[in-house]
Amino acid sequence: MMRWDTDGSNKLSINLLFEILETLSDAEYNILFRPVFEATGSRYPSNEQPLYKINELTSDVEHLAKRVIGRWERKYDKLLELLLHLLPIRGDNYGHPASDLFLRFGKDHPERAFAMLEKHADTRVSMVRACLWGLIAEIANCGTKVPAALVKKAKDLVQTKGSQPSGELVEVLRFLEACTREKTNIKSSARMPSG
């Protein structure tokens, strides 16, 4: 049984992993989760190897998700969601393969991507939140329709965290800038309050 297939596994599924990941602190994430996918001991190559290299995982996810003639299959959306918790993890050559893969997916399917990004935008791990908002900004910069609820969430974050500079706030502001450059890319039937 595949734990990402939530139809086949109700209780012990990838959703439980998401619930756990959403509650981790930055320190817990770096100690418990990150080392599974990234060798974190030193910036110089060593014998230390992660259990499942991030480059291999993203390659496997892409292979599964795009099995049918290069299309992104919905039944693998939970695996794509998992990538969101892996965004800050460096791969070979210090790239961020989870971010790169999710951005390709987001450009092809912005509505699905925005729904996943919004769902996980409140994670406690600050570096993951910053990367999530960075992806939101990148997808918004492609001229895609942005859900009004996401714009509201961003404005609320600026209101509450505006005096506390962070990577997350920088990305939220970049997202709002993308939305104001082209106001027509906000998907809503109601007007957004200014602020």
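Name every residue in region 63-88 that is part of a helix (DSSP H, G or I) and without any contact (Cβ under 8 Å) to a residue 40 or more places away in the chain, in order of residue number.
H63, L64, R74, D77, L80, L83
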Inset, instruction - Kindly list the number of the only condition in (1) out of contact with any helix residue (DSSP H, G or I) (no Cβ under 6 Å at 6 or more places or on another chain); (2) crowded, with 19+ Cβ neighbours inside 10 Å; (3) modelled with pLDDT under 90 that fails for G91. - result: (1)
Legend entry - Unmet criterion (only one of (1) within 22 Å of E22 (Cβ to Cβ); (2) buried (at least 20 other Cβ atoms within 10 Å of the Cβ)) for S126: (2)
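Please work out which residue is farthest from D100 (Cα to Cα), limiting yourself to region 140-168 and to residues that are out of contact with any strand residue (DSSP E or B) (no Cβ under 8 Å at 6 or more places or on another chain) and among the β-branched types (V, I, T).
Among residues in region 140-168 that are out of contact with any strand residue (DSSP E or B) (no Cβ under 8 Å at 6 or more places or on another chain) and among the β-branched types (V, I, T), the one farthest from D100 (Cα to Cα) is T160.
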Inset, instruction - Report whether or not A178 is within 30 Å of I31 (Cβ to Cβ), in contact (Cβ under 8 Å) with a residue 40 or more places away in the chain, in a helix (DSSP H, G or I) and of a type outside the set (S, T, Y). - result: no
Legend entry - Test result for K161, modelled with pLDDT under 95 and surrounded by 14 or more Cβ atoms within 10 Å (Cβ to Cβ): no
Inset, instruction - Restricting attention to region 106-130, report how many residues are within 15 Å of L82 (Cβ to Cβ), of a type in the set (A, V, I, L, M) and in contact with an Asp or Glu (Cβ under 8 Å, 6 or more places away or on another chain). - result: 2
Legend entry - Close pairs from region 94-116: first under 12 Å from P147 (Cβ atoms), partner assigned to a loop (DSSP other than H, G, I, E, B), Cβ under 6 Å, at least 6 apart: P110/T144
Inset, instruction - Under 6 Å between Cβ atoms, at least 6 apart or on separate chains: pull out the pairs that start in region 123-139 with a residue that is under 15 Å from L157 (Cβ atoms) and end on any residue that is acidic (D, E) and surrounded by fewer than 19 Cβ atoms within 10 Å (Cβ to Cβ). - result: T123/E22; S126/D26
Legend entry - Set L51, L32: member being assigned to a loop (DSSP other than H, G, I, E, B), of a type in the set (A, V, I, L, M) and either more than 25 Å from F105 (Cα to Cα) or at pLDDT 90 or above (or both): L51
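The values are calculated or read from the model by the stated rules, or taken from the named source; none is laboratory data. All values reported here derive from a predicted model rather than from experimental measurement. Because the Cβ atoms are built from the backbone with ideal geometry, glycine has one as well, and the counts that use them run over all protein chains shown.
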